[in-house]
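**Q** One structure coming up, written as structure tokens, with questions to follow.
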Amino acid sequence: MTEQVPQKSKTQLDAEFSELYRAHLRDVYSYAYYRVGDHHDAEDLTEQTFLQAYRHFERAQSESNGRPLRPWLIRIAHNLAANLYRDRSRKPSWPIDETTMLAAPHTTEQLVEGRDELSRVLDGVRMLPDDRREALIMRFALGMDNREIARALGRSDGATKVLIHRAIKQLEGIVGDPLNDSPPARENSKESSNE
Amino acid sequence: MSEALPNFEGLLREALAPVEPPEDLILRLEGTLTSITEMAVEELEAWELSAMRDPRNWARPAVAVVAGTAAGTALVILRARRRAQQPPSGLRGIQRPSFDRSGAERALRDLGRGTRKLFGDR
């Protein structure tokens with residue numbers, strides 16, 4: 001027997017959507033930026049993500065049973081980004097714009113001393129398979145936990161844990177090897193399935 | 001052979017620091033969201049049910065399609081902020097040609113399935 005949930009007023013829904021927007025605008029933009037590597041496309045992706053989210057907000061709320069909606073938002077951005085690449089048959093314009101270092105909350109000291117090291121890490125991230133790269137973006141740029149990432153990627157919690165572990169190990173190997181200068185990967189890793 | 005890096009996750013966290021959205025994006029997006037709700041309200045009020053059955057009326061402006069059944073009261077908070085900052089009016093954000101519309105439409109379809117998969121698994 002299903003429980004009858006009273007419908008919310010449009011005013012209430014809009015107010016709640018506004019809260020969602022304000023709470024996660026930076027998350028969506030950060031994800032979009034690290035995903036596509038370009039400020040212009042990241043802006044478009046962010047805008048389209050919230051338009052889609054607004055259209056489906058009521059349904060998402062009713063089906064979420066009170067669970068956080070951030071994974072749902074990021075999943076929208078994930079799908080839009082995938083479609084963007086598929087339709088344009090193009091790759092992200094990595095490396096990340098130089099302006100990233102200024103937009104991100106780094107200290108001046110880090111900018112001077114750690115820039116080269118951080119650049120190597122970012123270069124390494126772009127070499128990862130798509131799914132591993134996305135998982136790392138969600139974990140480290142957005143601070144999502146395994147369960148949230150699993151929901152955003154449509155995977156099990158266990159598969160997500162393995163995905164992140166392997167992504168970090170692979171990236172560590174890439175960054176730690178100064179001779180590694182492989183082209184960026186554009187395919188998913190072997191652990192693409194949900195099992 | 002690769003060498004182990006100390007505090008690699010900390011380094012990764014620094015490299016992938018959150019990126020603040022540009023102010024012009026914020027203004028445009030909030031203006032767009034507000035416009036969607038306002039336009040949808042106005043259009044739905046003027047849109048008789050009989051007209052909806054006429055296929056000639058199905059080619060609605062894209063913004064009305066986006067708003068769809070979610071149209072209603074404006075986003076009060078966003079509207080207040082928008083009016084305070086008075087960004088350019090209109091729907092320029094929605095109609096920007098740089099984003100592939102077919103991709104967005106396909107994403108809409110994917111989203112329906114995605115939402116169900118996301119929340120229907122428990």
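**Q** Under 8 Å between Cβ atoms, which residue pairs at least 6 apart in sequence (or on different chains) link something in region A:6-21 that is assigned by TED's automatic domain parsing to the domain that holds A:Thr49 with a partner that is of a type in the set (Lys, Arg)?
**A** Every condition considered, the pairs that remain are A:Glu16/A:Lys8.
**Q** Same structure, new question: Output the number of residues of region A:62-82 satisfying the condition of being within 8 Å of chain B (Cβ to nearest Cβ) and either crowded, with 21+ Cβ neighbours inside 10 Å or of a type in the set (Phe, Trp, Tyr) (or both).
**A** Count: 6.
**Q** Residues that are surrounded by 19 or more Cβ atoms within 10 Å (Cβ to Cβ) and within 11 Å of the chain's Cα centre (by Cα): find the helices (runs of 4 or more DSSP H) completely inside region A:115-181 holding 3 or more of those.
**A** A:130-136, A:146-153
**Q** Another one. State whether one or more residues within region A:50-61 are touching a Lys or Arg at 6+ places or on another chain (Cβ under 8 Å), farther than 28 Å from A:Val121 by Cα, at the interface with chain B (Cβ under 7 Å from one of its Cβ atoms) and modelled with pLDDT of 90 or more.
**A** Yes, region A:50-61 contains at least one residue that is touching a Lys or Arg at 6+ places or on another chain (Cβ under 8 Å), farther than 28 Å from A:Val121 by Cα, at the interface with chain B (Cβ under 7 Å from one of its Cβ atoms) and modelled with pLDDT of 90 or more.
**Q** Of the residues in region A:106-123, how many are closer than 17 Å to A:Phe140 by Cβ and at pLDDT below 70?
**A** Selection size over region A:106-123: 3.
**Q** Looking at (1) within 10 Å of chain B (Cβ to nearest Cβ); (2) out of contact with any Phe, Trp or Tyr (no Cβ under 9 Å at 6 or more places or on another chain); (3) at pLDDT below 90, which is the only condition A:Ala103 fails?
**A** Against the list (1) within 10 Å of chain B (Cβ to nearest Cβ); (2) out of contact with any Phe, Trp or Tyr (no Cβ under 9 Å at 6 or more places or on another chain); (3) at pLDDT below 90, A:Ala103 comes up short only on (2).
**Q** Can you pull out the residues in region A:20-49 that are of a type in the set (Phe, Trp, Tyr) and surrounded by 24 or more Cβ atoms within 10 Å (Cβ to Cβ)?
**A** Matches in region A:20-49: A:Tyr29, A:Tyr31, A:Tyr33, A:Tyr34.
**Q** Output the residues belonging to region A:133-148 that are away from every other protein chain (no Cβ under 11 Å) and within 19 Å of B:Gly10 (Cβ to Cβ).
**A** A:Ala135, A:Met144, A:Asp145, A:Asn146
The values are calculated or read from the model by the stated rules, or taken from the named source; none is laboratory data. Computed from a predicted model, the values in this text were never measured in an experiment. We place every Cβ from the backbone using ideal geometry, glycine too, and count neighbours over all the protein chains shown.
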